[in-house]
Every structure is written in C-alpha cells, then in structure tokens.
Amino acid sequence: MKKLVLLILVIELFCQMDITKASFQLKKPLLTPEDVLSLQVNGLYGRSRLFNERDGYEEVTINKVIKWINTSNLSVGPTELELNPPSTLPNLKIKMKNGNGSVIEPAYNCLSASKTKICTLAEGEVIYTWNNKKVRLQSRELFDWLLVGWKYESVGASKEELLEETLYSRYYPYFVKTYSDFIMCPQIDKIERINGDTRRHIVRVSALNYSAHHGDIPYDRIHITLSDTPENGVKIIKVEIQKGISVTESRKQCRREN
C-alpha cells in the first residue's frame with residue numbers, strides 16, 4: 001500500500017510539473033524592431049548572411065523575423081541540443097543595439113536505441129536563447145525561414161523599383177524646397193500620353209518623407225501630378241500631401257505588403 005501511495009504521489013508531482021511548464025507564459029514582446037541592430041544567419045556548409053537594420057530593404061526582413069518571434073507559441077520539450085558538434089547546426093544570431101544578443105536554433109527530438117542516439121528535427125519548433133535563458137517555441141514560419149527561407153530574401157531593389165527611382169530622379173530637381181524631403185520609396189503611379197503623343201505625358205508620382213525614417217512618427221506621402229513635354233519641359237500641375245499614413249500604407253508604398 002505504501003508503494004502504491006508513493007507511486008501516485010510521484011505521478012501527481014510529475015503531472016503538476018508538466019502542467020506548470022506548459023502553462024508558463026512568456027512576456028511579450030520578446031523583441032522590438034527598434035532594439036535590434038542586425039541578424040546574422042549561419043546556415044549549413046559555411047553559408048551565412050547578415051541583415052542590417054540600416055539597410056531599408058533588410059530592415060523589412062528583420063521586422064518580419066521579429067514578428068514571428070513575438071507571435072510564436074511556447075512549446076513543451078527539451079531546450080538543450082543533444083547533437084554533436086552543435087556548431088554544424090544552422091542558427092540565427094540577433095545583435096541588439098545595447099550590445100546584448102540572442103540566438104535561435106532549430107529544435108531537435110532525440111531518442112536512444114541500441115546504444116545509439118537518434119536525433120531528428122522537431123518540425124516547426126525552435127529554441128530561443130537570451131540572457132542564459134532558453135525556451136522552446138512553435139513557429140512554422142520562423143522554422144522554415146531559419147532552414148532555407150533566408151537564402152531567398154531579395155538583395156536590394158528590384159529592376160522595377162530601380163527604373164522608377166531613375167525616372168523619379170529626373171523630376172526631383174523640379175520640386176520646390178518644401179517637398180525636398182520626399183525621397184523614400186518613390187513610385188511612378190501613372191503615365192498618360194497627351195492626345196496620344198509619345199513625346200508628351202502627364203505623370204503622377206508619389207513618395208514618402210525621409211525624416212520619418214526610424215522616427216516615432218508616421219510617414220507622410222506626397223502625390224505630384226506633372227506634365228512632361230518637349231516644348232515646356234517638366235511642369236508641376238498639382239501637389240497633395242497625405243499626413244500620417246498608416247504603417248500598412250507605408251509598407252505598400254515601399255512594396256513590402258500586398
């Protein structure tokens with residue numbers, strides 16, 4: 001009877017420990033974009049890539065990864081990697097502006113059979129380490145990105161964006177000083193021929209103000225309608241400014257959100 005009671009107590013204690021661990025809540029957000037300086041991905045076979053927050057295109061990737069981290073779910077499972085050597089595993093090193101750092105690695109499940117330890121990837125799960133703490137997180141997006149997705153992130157502007165920037169730079173000298181701050185994410189919204197003439201056009205352009213970059217204030221967006229003809233050159237017809245556009249709209253302007 002004593003053995004039975006002892007066994008029941010052990011089972012109850014184990015269940016309580018498991019429930020406590022499963023119900024443990026992380027303090028969110030774990031990271032904020034404003035605090036992150038860079039992401040360093042170290043893949044298999046020595047491949048790596050650095051994403052720097054000072055690069056406008058790579059900053060978008062950093063924000064995406066941080067969002068996945070902050071929206072991940074806590075998972076119950078081992079947080080110590082049992083593979084040897086661990087240096088062969090892909091990992092993501094996050095460098096903070098205050099000098100601190102954190103690491104994300106894929107999670108593994110290991111089983112011992114016939115004196116052999118077999119470890120396999122825990123699909124959709126990663127281990128997040130910071131300040132000597134480790135937690136196991138569930139995030140299919142973050143898991144897939146850590147293994148292969150980072151390799152396919154775009155490098156710089158697309159050809160379409162470069163063409164629009166080139167055309168925008170042609171019209172930029174005609175802006176008065178009042179509008180000189182609108183240089184971010186320029187777009188050629190529409191080009192119309194005047195009376196079908198291939199040399200005469202009405203052009204509608206837009207851009208964001210650079211001063212809001214990395215600031216705590218929302219972007220303003222300018223809309224400029226101009227004419228471009230051989231006889232009169234470039235003439236500004238109409239100017240409108242949208243004050244304080246939403247984050248979604250600013251990301252659409254920069255082609256970072258559909």
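The values are calculated or read from the model by the stated rules, or taken from the named source; none is laboratory data. Here the structure is a predicted model, which is why all the values come from computation and not from measurement. Glycine gets a Cβ as well: all are built from the backbone with ideal geometry, and neighbour counts include every protein chain shown. All accessible areas refer to the heavy atoms of the entire protein, side chains included, with ligands and DNA or RNA removed. Shrake-Rupley method; radii C 1.70, N 1.55, O 1.52, S 1.80 Å.
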Over the range 47-132, relative contact order from alpha-carbon pairs under 8 Å, at least 6 apart, %: 20
R0 of 45 Å, Cβ-Cβ distance K159-S114: FRET efficiency to nearest 0.05: 0.20
Per DSSP, loop GluC sites (Glu not before Pro) in the range 202-258 with at most 15 further Cβ within 10 Å: E231, E257
Sum of side-chain charges, G124 neighbourhood, beta-carbon under 15 Å (Lys, Arg +1; Asp, Glu -1): -3
Residues listed by number, the range 216-256, amide nitrogen under 18 Å from T178 label point at 7 Å toward C-beta: 220-227, 235-244
Förster radius 35 Å - calculated FRET efficiency between T71 and S169 (Cβ-Cβ, nearest 0.05): 0.35
Candidate lysines - alpha carbon under 23 Å from K93, same-chain residues fewer than 8 apart omitted: K27, K28, K64, K67, K133, K134, K151
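Where does the charge balance sit around T229 when Lys and Arg score +1, Asp and Glu -1, over other residues with C-beta under 15 Å from its C-beta?
Numbers: positive: R170, R193, R199, R200, K235; negative: E192, D197, D228, E231.
In short, +1.
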Extended-chain gain in nm, criterion 0.36 nm per residue less alpha-carbon gap, L30 and M96: 22.5 nm
Share of carbon and sulfur in the accessible heavy-atom surface of the range 118-258 [1.4 Å probe, %]: 50
5 angstrom amide H check on Y219, placed H, neighbours 5+ away: I245
